[in-house]
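First comes the structure, then the notes that go with it.
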Amino acid sequence: MKSIHLFLTIVHPGAIVYSNIRFVRRALIVSLAFVLSACGGGGATSGGSSSGSITSNGVVSVSVPAPMTVSTGDPLSFVGHASSSAGGISNMYWQVNTLTLGANPVTAVGNSNCATTQADTSGNGVNCTLTLSPPTLLTADNTYQITFFATDAKGNTNSSSTTLKVLQSASSTGNPVVTAGANAIVTSGDTVPLTCSAVAGSTAPSGVTFAYQWVINDGAGLTFNLINSTTATGSFVAPVVTQATTVKLQCRVTDSNQKTGTAIQTVTINPIVLPTAVPISTSGGNVLPGATQQLDGTASKLYDANGKVTTGSIYYLWKYTSANPTTSSPITVINPNNAVASIVFPTVVTTPTTYTFTLYASSSAIDPTNLSALKQYPVVFYVSALPPIVLTITNPIQQVNSGSIVTLAANTSGTSTSGGTLPPIYYSWIQIGGPSNVGLINLSSASTGFIAPSFPSGTIPQNFTFTVCASYQTPVVCPGPGSYTSNALVSVSP
């Protein structure tokens, strides 16, 4: 009863002022709900609603729709409701914030300033409808916070928020169209090429790029070793089967908008029908420049006409096939006719390079001029590039007097060694400017020097400029691939 007595004391003077009996009755109801809520009653108002979020600060009450998740790009609408116990609502507006880092903004936003409003059916408040559409391009699921603000005639304010989650499937950007290579019929031990191409979806923006991945879609229980599985053109050696077996390889293409398309290349593998040797190797992988690596073909097998492993001699031939970039020098295979051969990669590799070697195996002596009938196995090595040389000059600007001994010192200590031990770095010094040639010494060393020339007294200082070039290769070609330069200035006073 104490709370009701307080309520009557507060409201009664208002009843004398207002002549509109209906408004007084409404004020009594709203005030009574507020007082009961303060005493522990009226839980429905303070606790919100299952259909949305309702907030009240005792004067202004604001509600918004429940959080929403959509998977299409159809236009959306959000109805905000506001009411006040102290007078009419004078101002409302919506605000949309992006909660997902890097998300594209929503589009076609309408009525965010609540220029258009509607009175609610009970006459106790006012509605404002916000319209918007999901972004046309989504690279991930995006979440947005949508907040409704309201202010009454007395300056009381309140707000309430909801969320909109737009799934990537709502993007109107089409998936890439993928085409795989033609179906093939091969024999166990054959090298099977895998080819794939992709074009952007019909609604994709310009400049789209693609990433490729080959995966086993249906391996029929066989074991595969895919070569170059992250490129448009891969390959594998057909495993040994005892009966015709069909396998399916899937090319999966993801564009730079994270939209994916797939295609299937089907390969039928027939069993061996003649005695033959099938080359197999576990070599390959990532290596550093200058590394010595084995080419190991000891896993190769000899089969009879029934596809059964048999005993006997296997003849081998290892060949260097290609490098990408093709500007790389050929690599000599050491002991190319052994099951285990070896190679030494160049010590200077300025761009990441792929080296391919091919293993041929046969049950009879191999004729190097006629390899087309032999089964082969590609082995791929990926050689990382050497780190860029960080080249500086210890004292790049010097002021000296005539007759002084001048030292110029190059420094490469800032060059990264995270990939392992660096090969030697070579230097070359040249003079590029000055009134005369100073006669540098030790031009191929990290440090060089000269004696500052003399000039008549009273002449202005004379400037001499020099360049040092550093490279992993000798002789140093400057400028050239993998070479780096730094300049020095020496001012000589008479």
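The values are calculated or read from the model by the stated rules, or taken from the named source; none is laboratory data. This is a predicted model, so every value here is computed, not measured. Heads up, the Cβs are rebuilt from the backbone with ideal geometry, glycines too, and the neighbour counts pull from every protein chain shown.
For the range 216-244, how many residues meet the condition of being among the polar types (S, T, N, Q) and closer than 23 Å to A299 by Cα?
Within the range 216-244, residues that are among the polar types (S, T, N, Q) and closer than 23 Å to A299 by Cα number 7.
Give me the residue from the range 118-130 that is among the β-branched types (V, I, T) and either surrounded by 15 or more Cβ atoms within 10 Å (Cβ to Cβ) or touching an Asp or Glu at 6+ places or on another chain (Cβ under 6 Å) (or both) and, out of that set, nearest to G174 (Cα to Cα).
Step by step, filter the range 118-130, then rank; the result is T129.
Scan the range 440-462 for residues that are of a type outside the set (S, T, N, Q) and in contact with a Phe, Trp or Tyr (Cβ under 6 Å, 6 or more places away or on another chain) and jot them down.
Answer for the range 440-462, where residues must be of a type outside the set (S, T, N, Q) and in contact with a Phe, Trp or Tyr (Cβ under 6 Å, 6 or more places away or on another chain): L440, L443, A446.
Hey, any hits in the range 245-265 for a residue that's over 30 Å from the mean Cα position of the chain (by Cα) and without any contact (Cβ under 8 Å) to a residue 12 or more places away in the chain?
no
Write out, first by first residue and then by second, each pair whose Cβ atoms fall under 7 Å of each other, whose residues are 6+ apart or on separate chains, and whose first residue, in the range 331-347, is within 13 Å of Q293 (Cβ to Cβ) while the second is of a type in the set (D, E, K, R).
Within 7 Å, the pairs are V333/K319; V340/D296.
For (1) in contact with a strand residue (DSSP E or B) (Cβ under 9 Å, 6 or more places away or on another chain); (2) surrounded by fewer than 16 Cβ atoms within 10 Å (Cβ to Cβ); (3) in the same structural domain as W318 (by TED's automatic domain parsing); (4) touching a residue at least 60 places away in the same chain (Cβ under 8 Å), each residue gets a yes or a no:
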| position | (1), (2), (3), (4) |
| --- | --- |
| T407 | yes, yes, no, no |
| I430 | yes, yes, no, no |
| P435 | yes, yes, no, no |
| P456 | no, yes, no, no |
| P461 | yes, yes, no, yes |
| T467 | yes, no, no, no |
| A470 | yes, no, no, yes |
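Go over the candidates A184, A170 one by one and state the one that is under 30 Å from T268 (Cα atoms), surrounded by 15 or more Cβ atoms within 10 Å (Cβ to Cβ) and touching a residue at least 60 places away in the same chain (Cβ under 8 Å).
Only one candidate passes the filter, namely A184.
Tell me yes or no: at least one residue of the range 300-316 is under 25 Å from T474 (Cα atoms) and either charged (D, E, K, R) or without any contact (Cβ under 8 Å) to a residue 24 or more places away in the chain (or both).
No, that holds for no residue.
Only one of (1) surrounded by fewer than 17 Cβ atoms within 10 Å (Cβ to Cβ); (2) under 28 Å from T351 (Cα atoms); (3) modelled with pLDDT of 95 or more is not met by S413, so which one is it?
Evaluating S413 over (1) surrounded by fewer than 17 Cβ atoms within 10 Å (Cβ to Cβ); (2) under 28 Å from T351 (Cα atoms); (3) modelled with pLDDT of 95 or more leaves (3) as the failure.
Taking into account only those residues within the range 73-109 that are surrounded by 14 or more Cβ atoms within 10 Å (Cβ to Cβ) and under 26 Å from the mean Cα position of the chain (by Cα), which is nearest to S169 (Cα to Cα)?
Looking at the filtered set, the residue picked out is G73.
The rows are residues; the columns are (1) out of contact with any helix residue (DSSP H, G or I) (no Cβ under 7 Å at 6 or more places or on another chain); (2) in a strand (DSSP E or B).
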| residue | (1), (2) |
| --- | --- |
| G73 | no, no |
| S77 | yes, yes |
| S83 | yes, yes |
| V109 | yes, yes |
| G123 | yes, no |
| T129 | yes, yes |
| L137 | yes, no |
| A140 | no, no |
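What number of residues within the range 215-240 are buried (at least 19 other Cβ atoms within 10 Å of the Cβ) and either of a type in the set (V, I, T) or at pLDDT 95 or above (or both)?
Going through the range 215-240 one residue at a time, the tally reaches 3.
For the range 383-400, what are the residues that are assigned to a strand (DSSP E or B) and surrounded by fewer than 13 Cβ atoms within 10 Å (Cβ to Cβ)?
I397, Q399
Here is a check on your reading of the model: is I216 part of a strand (DSSP E or B), among the hydrophobic types (A, V, I, L, M, F, W, C) and assigned by TED's automatic domain parsing to the domain that holds P105?
Considered against the rule, which asks whether it is part of a strand (DSSP E or B), among the hydrophobic types (A, V, I, L, M, F, W, C) and assigned by TED's automatic domain parsing to the domain that holds P105, I216 comes out as no.
Please verify whether K308 is at pLDDT 90 or above and on the phi < 0 side of the Ramachandran plot, treating the condition exactly as stated.
no
Can you name every residue in the range 142-177 that is assigned to a strand (DSSP E or B), more than 10 Å from V62 (Cβ to Cβ) and of a type in the set (G, A, S)?
none
Buried (at least 16 other Cβ atoms within 10 Å of the Cβ) and either basic (K, R) or more than 30 Å from T230 (Cβ to Cβ) (or both) - does that describe any residue in the range 344-359?
no
Which one of these is free of Cβ contacts under 8 Å to residues at least 60 places away in the same chain, of a type in the set (S, T, N, Q) and more than 27 Å from L226 (Cβ to Cβ): S364, S372?
On inspection, the qualifying residue turns out to be S364.
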